[in-house]
Every structure is written in structure tokens, then in C-alpha cells.
Amino acid sequence: MTKRRPPRVRPLALSAVALVSGLVLGLGDSDIHLIAAGLLAATVAGLAARLLSEKGPLVAAVLLGIAAGGALIGMNESRRAAVDCRRGWESGERVELHARAIGFLPTGERGSVRLRPEPEAEVECEWAGDVRAWTEGPVRPGTLYRLNGVWQPARTPGRSIRAPDRWGWLSIDSLAVARSTSLSRNPFLTMRGALAERLWRVYPRRWAPLAQALVLGQRETLGKETTNRIARSGLAHLLAISGLHVGMLAAALFGMGRMARLTTDGARLFTVVLTSGYVLLIGAPPSAVRAGLMVVLWTLTRVAGRASSAFDVLGLAALILLLARPWSVVEPGFQLSFAGAAAVGYASGEARALTTRGRLLGALNGIAVGMITSTAAVLLTAPITAAFFGRVAPAAIVGNVVAIPLLALALPALFASAALAPWPALAAWPAAAAVIVLRCIDHVAGILASAPWASFELSPPGLLPALCYLVLLVLGAHAVHGAWQRRRLILAIGIAGSIAVSWPALRSRMEPGGLAVFVLDVGQGEAIAVRTPNRRWLLIDAGPKIRDFDAGERRVLPFFRERGVRRLSAWIASHPDLDHVGGFPAIADKLDVDRVVAVDHVSGQVGLVELLRAIARDSIPWLHADSGDRLEVDGLELRFLHPAHDRRGGSAPANELSLVFLLQYGKFRMLFTGDVPGTVEDELSRFNPETVRAHVLKVSHHGSASSTSRSFLNAVRPELAVISVGRGNRYGHPSQHTIYRLSSTRVPVLRTDRAGTIVIDARMDGTWTSRLAAEGF
């Protein structure tokens, strides 16, 4: 039986929790308000019950004051965000501005970089944060550029509160230098650019992006394959400049100071100055700022001759960072960094106590401590990674034990090669050594990523289930220190509380709902998800796959993952053009598909081979749909109207053979037209005018001028028309003629290029509503 006392409540750590609660209260919406207020009340009540002393009410009042101050700060930041220049921009709007580059892109490389806008006196708005831009290099930190691009709003799932610099990005068309940087004007940005340039020149193209990520935290040039492999292996934290990097650097600097015969205090001062300079040099990301502040605070306490708790140092670092940058509280870097540090701080002490009692020796002792602390970090950060990235990676438990020592070997060589870059012959030696270690890290990541248990894709848990999970972790950790009877009581209270808080969400998921149709924003293509009343799912088309963009992987799968979908009752392919079916192989790789419903026609496009292989690999039944066929799922009926049986296998164009079908749920009707031309629409409206009548029309062929004739609209009589179309597409969709015909017949129009994902909610009595997905794609 464990008799060790649990860790004491640390005042600075609780102050940081109170400030976080207040900030979320000030930044969030009404739902977040209630949750944050409950978290704050629980914190204060727990503190008062824990202290049981005369100072309890006083400390509780101080915490309430800190939370109230945090709420005021959050409200002030919300007011600033309300007048941010980006607030009034619409999707696809052309933007021109002056901005100073923060990130680095080499010549010819495309990627995402951060830029800091220059304020303009004539514009009645302000900038609350940097701007993200997608462009082609060269981009040099510190250089002032004239930008001309198109605004693209971000619709990442799982983000209820979003900092202004995460509202979207600029797709840059032209980038011109307005003023070059200089060391005197922008010292840290200029040095960052020079260091990035050196690393790019010294290392081979295959390893230069990884070297930049490990030294500077810049991942703009990392390939998609490398990024996904490292993410699946649970080692993505190696690419963020965190406590691991900063701690290793600080230890090395302190050792160098002592080797240079500096006094202990002199070596500490030397460490603090250079560590702080390095954090500023790489752009002060939250994880590096947290680690740098902890190094500085810990050093100051040692110089003052005072002992300090790791949790107090962590709490004070959080307080300083949040007061300087309040929006950090909603960023994954801040949350992962502090949660990981708290888990490691707690688990390392527990692990050392357990391994000491177990009398493990040498390397076995180190491996045991590493496994325990790694497990704690994965458990505590799991709801954060699930919420922001839709993934939890148990492989990190094993991977950290192997990869962290490798990183410790790589960092000295990486820094040495960057410092010696002006002399290529000298820099080649440490660069060659670093490449060997980088190969080992990449190989470890590849082995772990290929394991079936390496990572699991999860839907974002939501704030209430995440809080319940964290409460259970805290109670479980506390129960480790008590008798078994006490553990059972704590766990019973925790489970009962979790079920009570989560019951409304669980009940809403178990109860049948109405019909929901999601017209997904997949760019210049089409993908429409249908949720039946019993929460089964159909997918109509799957979006495009072009060059380095796969809508199935990048848009459709995250949508389903957010909702916890694992199976599709049917995938309906309107016709075999790749802008409609190109994304299906990625979807079939992750989801179970009961059946494929398609027309009996396959075009000769090369990309369809991958689609047919995916269907054959999983032995998915392929059903041919003809005019008159029906598909029923949960009281929902799909009535196919086109093509007729005698057109099967013909030589007509793929668009002319698109499936046209009516979705009917009770009295509600929605018509899907694929990419059929106007001739087919007119034929249907002449021979089956009552059949095509619908409340909502999915406009054919992305709003092309050759479709959606006036006679067809008169037959359908839609109350809403939705168009799936990409922003700034080269086809000019939707055509102004189509928009004019819709407006002249007084049909409201919603377009994915402007509105993002469009949702149609319907009930059996025929009533329906449309809305835009606040967290769409």
C-alpha cells in the first residue's frame, strides 16, 4: 500500500488555473461561460476545502480576484478582435496590404508563413495578431512586403474560440519587396533569416526542412509525408521548440560557462541571457517561452538561495505568458506545453520513488522512469490532441524513450553546423553527423507509424467530456496515495460526476433526430454528407483529388472524424469525374462502406484506377442505379430519376449520365442533379414535373451556364438553391447567367465558396431550416 502523501496544492499553480478560467470566461461564448464559471467555482471550493485554515477564505478571495482580472483581460481582447481588419473580409475577397515577414521560405518552395501587418492610418481597424499566408518563396524574415492575395477563412473543426490570426489565411498572388531588412532595424528577425538560410544551404534537400524544424521551429518546408509520419508516431512534439530543446540548450550553456571558468552565478547569468536570446530568435512560440521562463525563474531562485517547487515555477511562467499574450490560452501549443510539463513534473517524482523501491539499476531504471513519465504525458494531453488534431498516439509512450536521446545527440551537431555555415568545409562535419541522427529519428518514426496501435483517430471530445476525463485523471492520481477504500470512494464520485455532467450529451446522441444534409466545402468539386434520423450516414460524391490536395483526406474525413463516424451505409457516386469521386480512396481506407451506388459507366480517366482498386480491395458491393430504382435507409428514400436503363453503357459524356435523384423524408424533398446538362433537366421537367418538385435544389455542375434553365426551375419550384463550388476557380463557376436565372425566379442561393459548409435540417412534416456550419471546412 502506498503511504506517500499526494503533492501539496501550490498557490501559483492554482493562480494560473484561476487566470485561465477568467480568460476563457472573457474570450468565450455563453456555453463556455458556464463551463468556465463551473471550473472556477470547483477550483475555489477545492482550495478552501483543502486548506481548512484561517487563510482559506482569503486565498479563495484572491483567486476570485485573479479570475475576475482574467475575465476583464479576455473581454478587452474580444473587443480588440471585434475591430480587427479581418472581421469584415468575405471569403474570396481580394486583399492588399504591407506586412513584415516572420517566417522563412527558400526560393521556389511553397508553404505557409506568418507576416506581421503594418498599420495604416487611413484604415479604421487594427490588427490583433499576425497574418498567415500561403505563398511561394523566397520570403526572408524581417523584410517588408507588399501583398496581393485572396482571403480564405479557416474552418478547422474543434475550435470554439479562435485567435484572430487563426481566422483564416491569405492565398498570395503577388509578393513584392517594399523594404529589405537590416540587423539594426530588426535584429532577431534578420538573424533568424540568416540562420535558416545557412541550414538550408548546409543540409541536403531531404533533411534541411527537418533541421530547420528542430533548430528554429519552422515547419513551412516540411513535406506532408514526413509530417504525417511523425504525427502518427506521436513524436510531433519534437518539431516544436519546447522544454526538451530549451532545457538541453540551457544545460549545455551552463556547462560551457563553467568550462570557461565562470563562477556559478556567472554561468547562470550567461545561461539566462543566451537562452532568452534564443527564444526571441526563433519567434517566441508558447512552448519555448514557457520553457525559457522556467529556466529564468529557476535560475533566479537558485541565485537568491531559495528553494522552489516545479509547479510554482510552471504556474508563474503561465501567469507571465498569459498576461503578455492572452490569446495563447486557446492555442494548442500553450495547452500541450503546460499540460505536458505538468504531467512530466508529477510523474517523474512518482516514477523515481517507484523505481527506487523496486531497486532497478542503471539503464533499466532510466527506461522505467521514461516510460512512466511518457505515459503520464500522453494521458494528460490526450483530450487536447483529440480536440485540435483528431488523433491520440499511444506510440509516443515508446517513441519518446528512443527519440529523445537521439534528439539530444542531434541538437549539438545541428547548432554547430549552423554556427559554422559561413565555412562550408567545417560545417560539413557536424552536418554529416546530424544527418545520421536525423535518419535514425525518421526511421524510428516510420517504424512506429506503421504499427496498427500507433495512433487512433478520434472525434473531438467537446469541453465537458474533456473536463470529466481530466477530473478522473486527477482523482485517480490522488487515489494512488490513499488506502484502497479511499480510492474506491474517489473513483466512484468521479465516475458518477462524469456521467451526470455528460448525460445530456449522451442522451441527445441516443435519441433519434431529424434529417441533416451537409453540403461540404471541398473546393472545386462536390461532397455531400447525409445523416439519417437514426444517425446513420450516406455520402454523395467525395470531392476532388488534384496535385497535392485530396479533399477526401483533408476535408471529408475530418468532418466524419469530428462526428465519430466509422461506417457509411452507402456511398453514392453521381458520375465518374475526378472532382466528384477523386477523394473516395482516402475515405475507403479509413471508413467501412456498406455499398457503392453508381451509374453503370466508367470514364477513361487515369485517376479512376485508384478508386476501382479501393472498391475491389475492400470487396464493397457495387449497385447500378437506374431510373425508377429506390434506396431506403431509416425512413429516408432516395428515388433515382436518371439515367434510364437504355442509356447504360452508352457513349454519352459522363456529365450526361450523372445520377439525378430525389431525397425524400416525410414531406421534405431535396433534388440532387450531379453535373447533368440543361437538356437532361428539361427532359425530366417535361415528362416528370411533379417528380422533380423539391424544397431544396442542389444546382447542377457547380452553377455552370449550361444547366439550371428557367423551365427547369419552374418545374422544381425550389425554396433554396445550394451550389458546391471552389473559390476563384478557373472555370468561372458559378456562371452569372445561372445566378441571374435563380435571382429572377426569386430563389435564395447559398454557395460553398462564400458560405463554407451548408447544413439543411429537415423534419418529416416538411419543415426545414438552413444554416452555415460555424465549424465547417
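We did not get these values from a lab; they are worked out from the coordinates using the rules stated. For clarity, every value in this text was computed on a predicted model and none was experimentally measured. Note that each Cβ is placed from the backbone with ideal geometry, even for glycine, and that neighbours are counted across all protein chains shown.
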Q: Please say if segment 663-777 is rounded, prolate or oblate, where rounded means a/c under 1.5 for a ≥ b ≥ c the square roots of the C-alpha gyration tensor eigenvalues, and otherwise the choice is prolate for a/b larger than b/c and oblate otherwise?
A: oblate
Q. When you count, for each residue, the other Cβ atoms within 10 Å and take the mean per peptide, how do 164-173, 187-196, 631-640 rank with the highest first?
A. 187-196, 164-173, 631-640
Q) Can you give the net charge of the other residues whose Cβ lies under 14 Å from the Cβ of Ile320, counting K and R as +1 and D and E as -1? A) +1
(Q) Only sites in a loop by DSSP and with at most 12 other Cβ atoms within 10 Å count here; which GluC sites (Glu not before Pro) in segment 674-721 make the cut? (A) Glu690
Q) Distance from the Cα centre of segment 136-208 to that of segment 213-288, in angstrom? A) 20 Å
Q) Nearest 0.05, what FRET efficiency do Asp618 and Ala451 give at R0 = 25 Å with Cβ-Cβ as r? A) 0.70
Q | Percent RCO, i.e. relative contact order, over segment 184-315, from Cα pairs under 8 Å lying at least 6 residues apart | A | 21 percent
Q.
Going by average Cβ density within 10 Å per residue, which order do the peptides 573-580, 140-147, 71-78 take, highest to lowest?
A. 573-580, 140-147, 71-78
Q: Using R₀ = 60 Å, calculate the FRET efficiency as 1/(1 + (r/R₀)^6) where r is the Cβ-Cβ separation of Trp423 and Glu690; round to 0.05.
A: 0.15
Q: For Ala178 and Arg258, compute 0.36 nm times the residue count separating them, minus their Cα-Cα distance, and round to one decimal in nm.
A: 24.2 nm
Q: Please tell me the relative contact order of segment 143-239 in percent, rounded to the nearest whole number, where contacts are Cα pairs under 8 Å and at least six residues apart.
A: 21 percent
Q) What number in nm² do you get for segment 126-196 if you take the convex hull of its Cα atoms and divide its surface by four? A) 6.1 nm²
Q) Between Tyr731 and Arg166, how many nm apart are label points set 7 Å from Cα along the C-beta direction? A) 3.4 nm
Q: Pull out the extension gain between Glu719 and Ser78, defined as 0.36 nm times the separation in residues minus the alpha carbon to alpha carbon distance; nm, one decimal.
A: 227.1 nm
**Q.** Asp765/Val474 FRET efficiency (R0 45 Å; Cβ-Cβ; nearest 0.05)
**A.** 0.40
